[in-house]
Every structure is written in C-alpha cells, then in structure tokens.
Amino acid sequence: MKNDKTVMSEPKNGEKKTFHLDKEAFRRKVIENVKLFYRKTIAEASKQQIFQAVAFSVRDLIIDRWMATHKLYEEQDVRRVYYLSMEFLMGRALGNNMINLLCYQDVAEVLEELGFDINVIEDQEPDAALGNGGLGRLAACFLESLSTLGYPAYGCGIRYKYGMFKQEIKDGCQEEVPDNWLANGNPFEIKRPEYTERVKFGGYVRIEWDPEKQRNRFVQDGYTEVLAVPYDIPVVGYGNNVVNSLRIWDAQPIQEFNLMSFDKGDYDKAVEQENLAKTIVEVLYPNDNHYSGKELRLKQQYFFVSASVQRAVKHYKKNHSDIHKLYEKVCFQMNDTHPTLTVPELMRVLVDDEGLGWDEAWDITTKCCAYTNHTIMAEALEKWPVDLFNRLLPRIYQIVEEINRRFLIQVEERYPNQYCKIKNMAVLYEGQVRMANMAIVAGFSVNGVARLHTEILEKRELKDFYEMMPQKFNNKTNGITQRRFLLHGNPLLAKWVTEKIGTDAWITDLPQISKLAPFADDAAARKEFMEIKHQNKIRLAKYIKEHNGIDVDPDSIFDVQVKRMHEYKRQLLNIMHVMYLYNQMKADPSMDFYPTTFIFGGKAAAGYKRAKQTIQLINKVGDVINNDPSINGKIKVVFIEDYRVSNAEWIFAASDVSEQISTASKEASGTGNMKFMLNGAVTLGTMDGANVEIVEEVGAENAFIFGLSSEEVMDYEANGGYYPADIYNSDPDIKKVVDQMVDGTYNGSDKKMFMEIYNSFLNPSYGKADQYFILKDFRSYAQAREKVNKAYRDRDAWTRKAILNTAHAGKFTSDRTIEEYVKDIWHLQKVQVSYEG
Ligand code: 26Q
C-alpha cells in the first residue's frame, strides 16, 4: 500500500505520544517469549507464534496498570457498575490495547525491525465474537469508554466455548462453521479460580425453622450444581493507566461426588452435573432480535447472573458490614432482559443468605437494578413458560410470584377494576414469566437507546408502565468508540483529522472533530479526503478480491449494507432495487448511471429461513449481474463472507453510502449507522432509530432520507397492514422484479428457490403480506437512490457532504453515552490512576 513507508516513519494515526515504550526491552521480550513458548528463534516462528509472543509482551505492559487500578478502587472504596450482558462482541484485542497504551507505533517499529508487518500479526488474532450484533458490540464499546473515562466498571458475561459461528458461502448459501476461538488460547485472559461461585439448578424448596433468627428459612434441596469459574480480560483505557475487567464465567463440574461410589444416586448426580457443566457454556445462541424459549438459554442466563450477583455481594461484604447500603456501592445494569434474573437472584441472596425481610431486600434490590431496552420487535420479547421456569429455578420462581403478587396489589390500588392494566403489566400472565415486565417493575431506571425508540416505548409499547412510573423512563442514545472505529480502523483518516484540526483531542473528546467542518469548503482538503477514501477503497477491493474472487472498481460508488440479516432491516428492499436497476440498464444500455458496487454482509440466525433465502438471492443476483458483459461492469454485487468486527473496521473506512433502510419504528437505534458516518459515508436511510438524530446533526441536505415515517408504519399496522397487490398490479417495474423471483432469471430451473419471497408479497396465507412495507417504500427508495447516484457525480459536492458527516459525528461517541449513564443512572466517580512505568 502507498502509505506503508509514511506509516513507519511517523505516528501512524496521530496518536498521543506521551508514553515511552522501551523498544529495546520490548524487542527482547518478544524474542524471549518465542523461545520460551515454542523453543524457536524469531526466524523459525510462525506468524501465529509471533502474535502470541507479542500479545503476551503487551499483556505485561497492561498487568501493572491493571493492578494499580484495582488497588486504587479498593483504597477509595469506589462505587462500581456491573454491566451484565449475555453478549460482549469485543473483536480483536491486540491492536486496540496497543493504541490505548499509546505504544502502537513503537510496537509497529519493533516488529518491522524483526521483519514483520504489524497488520499481518494483528490478523493472526481471532475475533472474540461473544455476541451477535448491535447489543453485544454496544457492550464492548461501553466497556472501552468506561475505562477511557476512568469509571470503575465490570463487564459480566459468559465464556462461551464457541462464539458466533463463522459464515461460509457455498453456492450462494450460508453455511455455519463452529467458531473455536480459544483453539490457540487467549493471551489476554487470566483465570481466577479463587473467585469461583456455585450455582444451583432444579430440585425443590423446603421450608425449615431457623431457631436462631426465629423465622422460617427457604432451603433448596435435591438440586444440580455447577461451579462458575471466572476469567478476567483487561479493558484498557486510552492513555490513562485505567484497566477495568471483563469477567466471563466458565462452568466446571463439582468434583465432590465419588464417581466410583456404589450409590447409584450419587453416581447419576455426578454424571448429571458433569453434563450440565459441559453444555451450559458450550455455545452462544446465534439469534439476533429473536427470542427462542430454549431451556439451555435460561440456564445460561441464571448461571452467569447468579455467579455475578453472588460475587458482587461478597466483594461488598469484604469491606462493608451493613448490607442495607449495598446500593451505595453497587449498580447492576441489565443489558436487555437477558440478565433480568438479577432481580430475583439478588432478592434470594438478601432474603435467604443474608436473612433480610422482604421489604428491606426489595428496597435494596430496586435501588441496585437498572434496565436497558434494545428492541420493540414483538418476537424478541422474552417470555418463559412458568412450568419450565419453576422446574429449573424453583426458589427463584417463588420470588417472582411474590414480586408479581405485591406489584398487582399496587396496580389494583392505583387502577381499581381496570383489568387491562393487569393484563399489560403483570409479570406472570397466562402461564408465562414476562422478563421485561419484571425488569421494569424492579428497575429504578428504564431506558431506550435512541430518542425515537424511547418515545415509542413511552407512547406505545410500555405506555401503561410509563403512565404509572414516568420517573423511571429515560433515553440514552447509543454511541460507538472512535478509538476502534476511526483511530484503529481508519488510520489514514485519523491522521488527516489530527493534522487538519491541529489536535488529537478528538480521540478522547469527539465533538472536537467539528473543527473539520470548515475544511468541507476547502478544495485542497477535499482532494486529500477523497484520496484517503480512495486508498481505503483499494484496501477493501483487495480484500474482496482475495476473499470473493470478484474484481471491484475502487472508482465506483461503494454502497454498503452490513449488519445482521433480518427482514425488518430490509436487505431484500436493497437487492430488489438492484434487480430493478439491472432491468433498467438492460432496457437502455446507454442509461445515465454512475458505476456502483453494492456491498452486502451479515449473518443469518441458523434457523431463520427467510434471512438465509435473502443471502442466497443476493448471491444469485450477483452471479448474473457480475457476469453480464453487456452492462460493462456498471453494477457489481458483492456479499462479503463472515462479516465481523475485524473486517467491519475496513468496510466502514471504504464506504461512500451507508444503507440504513429498516422499516421505520423497527430499528431501536442502530450503531453501524454511526460508524459509517464517522468514516465519512453518507446515510441513505429511513427516519428510524438513531438515523433521526444523525440527520439532525449533519443536516438533511447531507443525507438521503426516504420512506414511510414510524407514525405511518404504526398506523398501517394498527389497521391490519396494507395491500401490496395494489402496487404490484399498478407498477409494472415492481411487478417485473417480484416476478423475477420465480421466472428463472435468478433461480435457474429451481422453481422453489425464491418462491417464499415471492409469496410473501402476494399471498396472504404466507403471513401478513409484505409485513415490512418493501413495495410500499420501493418508489421512494428508488428516487433516493437516483439522487445519490446523481449527487456522486459532483465529486466536490459529494466530498463536502462526506467531510461534514465526519465532522458532525461528535455526538455519537460512546464516551457521551457513558457520561449520560453516569450522570443519570450510575452516579460513579472518576478515578485517576498514576503509574510510573
Ligand atoms: C433472546 C432470547 C433467546 C435467545 C436470544 C435472544 C436475543 C439475543 C440477542 C434477543 C435479542 C438480541 C439482540 C438484540 C440487539 O442486538 N438489538 C440491537 O441493539 C442495538 C444496541 O442498542 C441497537 O442499536 C439495535 O437497533 C438493536 O436491534
């Protein structure tokens, strides 16, 4: 690449240079590690071995800061937030750890001297893909911001043996390959067996008299038990010596039972416990925005919640004698409903283990727990059948019943004889445990993740709760970390930003990037910006050539939709518009059209048929169009295999157009939209989620907005939908595209290939016709895309828009989001860690 030399001779990305790495000592350490671990010299070692040696050397730089941070936390007896999440989509650690330790450039130079390209070494690290998509990546961005801002925080999650599956595309179809991310070990994790906890499942609850306390006590018997063994992963703050921990729990069987015992009961129990320990952390459920009521999932939830809560209470008790004040030092933030068992588990610990009365325990619990809602999709709402719940967690179920009983008394008091209030707000209803309702009833804070989303929660989805307890509700618009998605992912642009605005302060204070705005009107600056975008497009084109074997032209528009595959995100609308364009071009080969590469990427949940069909459709359309010489390569369609955090960084950097085209009201926030914006891509989107705020920041003239509003969509829905057949019958272009699903254009002789997609538009017996308003929004989308295509031809005007997108991305840093959580919900104090390295 053109810039390799400059990269080596000066700070790669304008990083802050205050910390001095002893390069010679570091070099010796890498050599020593290669020798110790592998009995090899540098020349003999594989790239993977070099990666391991470098990662362990970087871990050495982290460890003292990590200890210093926690020593300070103990000394200052700080208040902590426990961010409880089933998912942490961390991606790779090495690059970002080096950046945040301010030694990226120095390490790059050491590696260069040893004969290695730092990018190649970074490429050896597998992504830590312990998450599906938005919710998991948000948790990762939040942890990074918490450390960078100096707030005491723990991430609490599960150490899945297999993370998000790897996606392979075979003959256009997705295949799932297990993600054995720990195959080479994880150089950054530390096992902490001394903090092991025990978690109990099943059995029954017995009541016994406690003569000492003169009260009844609840005892769980006949249970199956597993050990929860924590592993800690450091989360390094940017240039501030703060290192927080992500604590992920592994499950181990309890070895107490004698396997050789002749007591069959003991033997069976031992086998059962062994199996439970093996299965519980085996794999991440690959569902995004979709609930599936699998027993193992509920086990996973209780497993990590119980371990985390027990640990937090023990830690508190080490330094404090009055359990009633737990809420002064501890806050549990529940990342969606998945960790809602935090509520009854904390009640159990306080009532059963600590001996408190219900009211005291409830007072503490409701001051400790807060809940974030990430979705309004009905199919994502967690509801567990009472019998399953009760069988698996008998004591917890009793507590849930009592929470529900007491809450319904309040509802009845406030709304006498209004049964609909009970119907909407009860925690237990029609044989189900409704997790969101439990989180809202017990949480002292309930927040949505973008302004529009929170409004919809308040006015529609959670209307009754909002009316009854408005003080709990608040909005926290999502954000992303610029350290990963600009400084690391787009070093050329990062360096340019620093040069232009004369400061690297944006790295920790993103709103300062607004100083770029004047450069949008500076012809020389625009030229530089365009050149950087071009370099990034070359980098991505090379990646696509290597991974897909497709040639794409870096001079074409890179129009990109990367995110999980989901009907509401409407990848189908996108590809149907490409089909339409292709028809236009075939009819009129001289059609005025700026060459465009349509790039897709994203995984479909393994059991989500329609999403998988959409992947196949994209690939089949690509096969036809990419190989049609008559259109002169003016349209290309690429599906990037295995979209994940590490390749996402490159994709955002290379994008011109950011497709954010969800059916209005369905996308709670979106965070990819923010990553594109920061990298100077222009949004083509609906007024949904955080797009609304993006347009507000950048100005409507610097985005392309189309489609039904959320109000319109919700009004149609309230009236049972609309009639797509009317559009199909009156718009021949649309009719042709729909018909092409089944006429052999893309499906060859396989009539069934896209039959279901075809039927989804026209045959109401296939569920609600066009539930996601694809045909309804089609014309409006086509117009917006035409505007984009025209606008791109004026390269100066386009680049102006692109620069202004970067310049106005300041609001969307997760640092801002975290400061808001701290001020309104967590009330943490900043620390300053000094460390003489
Ligand atoms: C639930 C029960 C059983 C199995 C799986 C699940 C499950 C798993 C993951 C339900 C939902 C999810 C993920 C939801 C998610 O990622 N939501 C996204 O959160 C982002 C961060 O707030 C938002 O930006 C997105 O708009 C939202 O879709």
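What follows is calculated from the coordinates using simple rules that are stated; it is not laboratory data. All figures in this text were calculated on a predicted structure; none of them were measured in a lab. Don't worry about glycine lacking a Cβ; one is built from the backbone with ideal geometry, like all the others, and counts go over all protein chains shown.
Could you tell me the ratio Rg/Rh of segment 447-498? Both radii from Cα atoms, Rh via Kirkwood.
Details: Rg = 17.8 Å, Rh = 13.2 Å.
With Rg and the Kirkwood Rh in hand, the quotient comes to 1.35.
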Going by a ≥ b ≥ c, the root eigenvalues of the Cα gyration tensor, does segment 64-140 fall in the rounded group (a/c under 1.5), the prolate group (a/b larger than b/c) or the oblate group? oblate
Once the piece of chain linking Glu401 and Ser321 is laid out straight, how much longer is it, given 0.36 nm per residue of separation minus the C-alpha distance between them? 25.8 nm
Is it possible to state the helix-based mean residue ellipticity at 222 nm for the chain, with each DSSP H run of 4+ residues giving -39500 (n - 2.57), the sum divided by total residues, to the nearest 500 deg cm²/dmol? What is it? -14000 deg cm²/dmol
Paramagnetic reach from Val120 (point 7 Å along Cα→Cβ, amide N under 18 Å) across segment 44-65: 44-55
Over all Cα pairs of the chain, how is the pair count split among 10 Å bins, expressed in % and running from 0 up to the last occupied bin? 2, 12, 22, 25, 20, 12, 5, 1, 0, 0
Gyration tensor (alpha-carbon) shape descriptor, segment 457-567, a/c threshold 1.5: oblate
Over segment 277-405, relative contact order from alpha-carbon pairs under 8 Å, at least 6 apart, %: 31 percent
Please state the relative contact order of segment 117-208 as a whole percent: Cα pairs under 8 Å, 6+ residues apart? 21 percent
Would you work out which of Val695, Ser630, Gln616 lies farthest towards the positive end of the dipole of segment 614-700? Charges go on Cβ: Lys and Arg +1, Asp and Glu -1. Ser630
Counting only the backbone N, which residues of segment 308-348 are under 15 Å from the spot 7 Å out from the Cα of Val78 toward its beta-carbon? 329-331
Which value in nm describes the separation of the simple spin-label points at Lys736 and Val624, placed 7 Å from the Cα toward the beta carbon? 1.2 nm
So for R0 = 22 Å, FRET eff. of Ala797-Gln512 from the Cβ-Cβ r, to 0.05, ends up at 0.30
Taking the Cβ-Cβ separation of Lys823 and Phe593 as r and a Förster radius of 41 Å, what is the calculated FRET efficiency to the nearest 0.05? 0.25
Once Lys and Arg get +1 and Asp and Glu get -1 on their Cβ, which of Asn244, Ser590, Phe142 lies farthest toward the positive end of the dipole of the chain? Asn244
Can you tell which of Phe407, Tyr231, Asn33 lies farthest toward the positive end of the dipole of the chain, using +1 and -1 charges on the Cβ of basic and acidic side chains (Lys, Arg; Asp, Glu)? Asn33
If one puts a single equal scatterer on every Cα of segment 686-837 and applies the Debye formula without solvent, what log₁₀ I(q)/I(0) results at q = 0.16 Å⁻¹? -1.03
Lys and Arg at +1, Asp and Glu at -1: add these up for the other residues within a Cβ distance under 11 Å of Phe142 and post the number. 0
With only Lys, Arg, Asp and Glu charged, each at its Cβ (+1 for the first two, -1 for the last two), find how big the charge dipole of the chain is about the Cα centre; round to the nearest 20 debye. 340 debye
Kindly write out, for segment 418-434 in residue order, the coupling ³J(HN,Hα) from the Karplus curve 6.51 cos²θ - 1.76 cosθ + 1.60 (θ = phi - 60°), rounded to whole Hz, with x marking Gly and Pro. 9, 4, 4, 5, 5, 4, 7, 10, 4, 7, 10, 8, 6, x, 10, 9, 9
Nearest-20 debye value, segment 312-459 charge dipole, Cβ charges on Lys, Arg, Asp, Glu: 200 debye
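Going highest first, how would you order 339-352, 147-160 by mean Cβ packing within 10 Å?
Most protected by this proxy first, the peptides run 339-352, 147-160.
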With 0.36 nm assigned to each residue of separation and the Cα-Cα distance removed, Tyr267 to Gln471 gains 68.1 nm
Need one number: nm distance between label points at Ala718 and Ile190, each 7 Å from Cα along Cα→Cβ, rounded to one decimal. 5.6 nm
Is segment 558-649 rounded, prolate or oblate when judged by the Cα gyration tensor, a ≥ b ≥ c being the square roots of its eigenvalues, rounded requiring a/c under 1.5 and prolate requiring a/b larger than b/c? prolate
Between segment 599-629 and segment 91-160, what's the alpha-carbon centroid distance in Å? 31 Å
When the dipole is taken about the Cα centre of segment 717-757, and only Lys, Arg (+1) and Asp, Glu (-1) are charged at their Cβ, what size is it in debye, to the nearest 20? 160 debye
From Cα pairs below 8 angstrom and at least 6 apart in sequence, can you work out the relative contact order of the chain, rounded to a whole percent? 14 percent
Give me the one-decimal nm value for the distance between modelled label points at Asp726 and Thr41, 7 Å along each residue's Cα-to-Cβ direction. 7.9 nm
So what's Rg/Rh here for segment 522-571, counting alpha carbon atoms and using the Kirkwood radius for Rh? 1.11
Let me see the P(r) profile for segment 748-814: every Cα-Cα distance counted, bins of 10 Å, each bin given as a percent of all pairs. 16, 23, 25, 20, 16, 0
Give the whole-number value, in cubic angstrom per residue, of the convex hull volume spanned by the C-alpha atoms of segment 243-373. 169 Å³
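What FRET efficiency, computed as 1/(1 + (r/R0)^6) with R0 = 35 Å and r the Cβ-Cβ distance, is obtained for Asp521 and Asp553, rounded to the nearest 0.05? Don't skip to the answer; put the middle values down first.
Values: r = 29 Å, r/R0 = 0.82.
That gives a FRET efficiency of 0.75.
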